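These notes are about the structure you will find just below.
Rule-based calculations on the coordinates, nothing more; no lab input. Just so it is clear, the structure is predicted and the values come from calculations on it, not from any experiment. Backbone-built Cβ (ideal geometry, glycine too); neighbour counts: all protein chains shown.
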Amino acid sequence: MVKGHSIQLIQNKQNAPKHLNVFVVLHSHVDPGWLYTFEEYYSTSDHPVRKILNNIVNSLRKYPKLRFIWSEMSFLERWWSEANTTYRNYFKSLIDEGHLEISGGHWVMNDEATPYFWEAIENIIVGHQYVHEILNITPITSWCFHF
């Protein structure tokens, strides 16, 4: 049950588990166009996406117990086009080893409230085609940030 900003877990005490597993997965939500242009978000904003993706690779290699999910293929495509072979190989190995996951794999995370149906479908198709082309994977999980 959600009340304002606090979240309470209400459950039947008869069937309550002895412990609760909580999984925290690192993620960065990046809009390809909201307050800035795509290029500004990628290169020059306060938290440029180029730097975020580089930090993902560096941090996951340094801390092997960490996990991260990435969603927006449009930014990945831009980063991939600039990344050297070493960083591309690191990125692929992090996915192969389960440290990094492409979640959703849409070209962008579209607004869930107002998209036209076929635009949302095309967004998924284009993103999945791209990630399959460069990483030879198909995303198997998804998540939604926009409601």
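How far, in nm, would the chain grow between F117 and S93 when pulled straight, counting 0.36 nm per residue and subtracting the alpha carbon separation?
Contour length minus the Cα-Cα distance gives 5.2 nm.
Considering amide H positions built from the backbone, and no H for Pro or chain starts, which residues 5 or more places from E101, or on another chain, come under 5 Å of its amide H?
F68, I69, W70
Could you give me the ³J(HN,Hα) list for segment 26-36, computed from phi with Karplus coefficients 6.51, -1.76, 1.60 and θ = phi - 60°, whole Hz, x at Gly and Pro?
Each residue of segment 26-36 in turn: 5, 7, 10, 8, 10, 7, x, x, 9, 8, 10 Hz.
Please compute the volume of the convex hull spanned by the alpha-carbon atoms of segment 32-135 and report it per residue in Å³.
Dividing the Cα hull volume of segment 32-135 by its residues yields 107 Å³.
For K18 and E40, FRET efficiency with R0 = 35 Å and r from the beta-carbon atoms, rounded to 0.05?
0.10
Nearest 10 degrees is fine. How inclined is helix 117-135 to the longest principal axis of the chain, computing both from alpha carbons?
Its long axis makes an angle of about 70 degrees.
Within 10 Å, at most 16 other Cβ atoms, and a DSSP state outside H, G, I, E, B define an exposed site. Report the longest part of the chain free of exposed GluC sites (Glu not before Pro).
Result, exposed sites excluded: 1-96.
Between M109, T141, Y63, whose Cα lies farthest towards the positive end of the dipole of the chain when Lys and Arg beta carbons carry +1 and Asp and Glu beta carbons carry -1, centred on the Cα centre?
Y63
What do you get for the angle between helix 85-96 and the principal long axis of the chain? Use alpha-carbon atoms, 0 to 90 degrees, nearest ten.
30 degrees
Can you compute the helix-only [θ] at 222 nm over the chain? Use -39500 (n - 2.57) per DSSP H run of at least 4 residues, normalise by all residues, nearest 500 deg cm²/dmol.
Roughly -12000 deg cm²/dmol at 222 nm, from the helical runs in the chain.
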